[in-house]
1. Given the structure, is residue 33 of a type in the set (Gly, Ala, Ser), within 20 Å of residue 141 (Cα to Cα) and modelled with pLDDT of 95 or more?
2. Restricting attention to region 41-53, and to residues there that are surrounded by fewer than 17 Cβ atoms within 10 Å (Cβ to Cβ) and of a type outside the set (Asp, Glu), which single residue is farthest from residue 209 (Cα to Cα)?
3. Scan 155, 127, 71, 159 and give me the residue that is farther than 21 Å from residue 178 by Cα and over 13 Å from the mean Cα position of the chain (by Cα).
4. Determine if region 78-96 includes at least one residue that is basic (Lys, Arg) and within 24 Å of residue 151 (Cα to Cα).
5. Can you list residue pairs whose Cβ atoms sit under 7 Å apart, with the first residue in region 161-178 being in a loop (DSSP other than H, G, I, E, B) and the second being surrounded by fewer than 17 Cβ atoms within 10 Å (Cβ to Cβ) and modelled with pLDDT under 95? Count only pairs 6 or more apart in sequence or on different chains.
6. Just to verify a result, which residue in region 33-62, among those that are in contact with a helix residue (DSSP H, G or I) (Cβ under 7 Å, 6 or more places away or on another chain) and among the aliphatic types (A, V, I, L, M), is farthest from residue 121 (Cα to Cα)?
7. Among the residues of region 63-83 satisfying the criterion of being within 18 Å of residue 191 (Cα to Cα) and of a type outside the set (S, T, N, Q), which is surrounded by the most Cβ atoms within 10 Å (Cβ to Cβ)?
8. Just need a number here: residues in region 182-208 that are part of a strand (DSSP E or B) and either in contact with a helix residue (DSSP H, G or I) (Cβ under 8 Å, 6 or more places away or on another chain) or loosely packed, with under 12 Cβ neighbours inside 10 Å (or both).
Amino acid sequence: MSSQNLDGIGMTSARTRERLIDRLRAQGITNEAVLDRIRTVPRHLFIDEALSSHAYDDTALPIGFGQTISQPYIVALMTQALVDRLEPGKQIPKVLEVGTGCGYQTAVLAPFARHIYSLERIRPLLQRAKSRLRELKINNVTARHADGWRGWQSQAPFQGIIVAAAPDTVPQALLDQLDDGGRLVIPIGGSGAQNLICITRDGDEFHERRLGLVSFVPLVVGTD
């Protein structure tokens, strides 16, 4: 992949990205490592070329199959919630991502995790995401076509879990697969506004912190 494709031109240029970073700072994103990752991941490569002029707008965009790429603020907020305890140079050993989508959140999260296990229920989206991650030489991701409600028991426990679709309640399987001291970032609620929450496990107890109101596609049972 050429450097021009990675860097972008015109509306996907470095200046446009920097305006996005300024906006995220103004909205309360304070983790500089997360901001730098948002700055450097080429979001325009994860969307249809016809939408590339909007790649660095702080907005969700359609990616097909009734799914969206989350707005950069939400990606940054969820990533920050998961990694803000990390010391510089440290990584979360294992992260479970429920909802690979186009792979953008995966790419943003990749440097902060030793390994990411990612689940996607829509096979064509998964294939597209895996191809893009390979092109970007992101090699610490194992992704498979599966039902996210069930998590990934054979790879549990996870020190971090991030969910990119909204169930009405937290799936018990995800709580069971969260390691002691680990964090689960997930939107909860039906259609319309949902609460984005960060759950920290302390033994058999789970402590919840609200991060704000969001709007995600529903977490659907089964696969397509």
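1. In short, yes.
2. Looking at residues that are surrounded by fewer than 17 Cβ atoms within 10 Å (Cβ to Cβ) and of a type outside the set (Asp, Glu), I get 50.
3. 127
4. yes
5. 165/218; 168/190
6. 35
7. Ranking the qualifying residues of region 63-83, first place goes to 69.
8. Summing the residues that are part of a strand (DSSP E or B) and either in contact with a helix residue (DSSP H, G or I) (Cβ under 8 Å, 6 or more places away or on another chain) or loosely packed, with under 12 Cβ neighbours inside 10 Å (or both) in region 182-208 gives 12.
The values are calculated or read from the model by the stated rules, or taken from the named source; none is laboratory data. From a predicted model like this one, the values you see are computed outputs, not experimental measurements. Cβ coordinates were reconstructed from backbone atoms using ideal geometry, including for glycine residues, and neighbour counts include every protein chain displayed.
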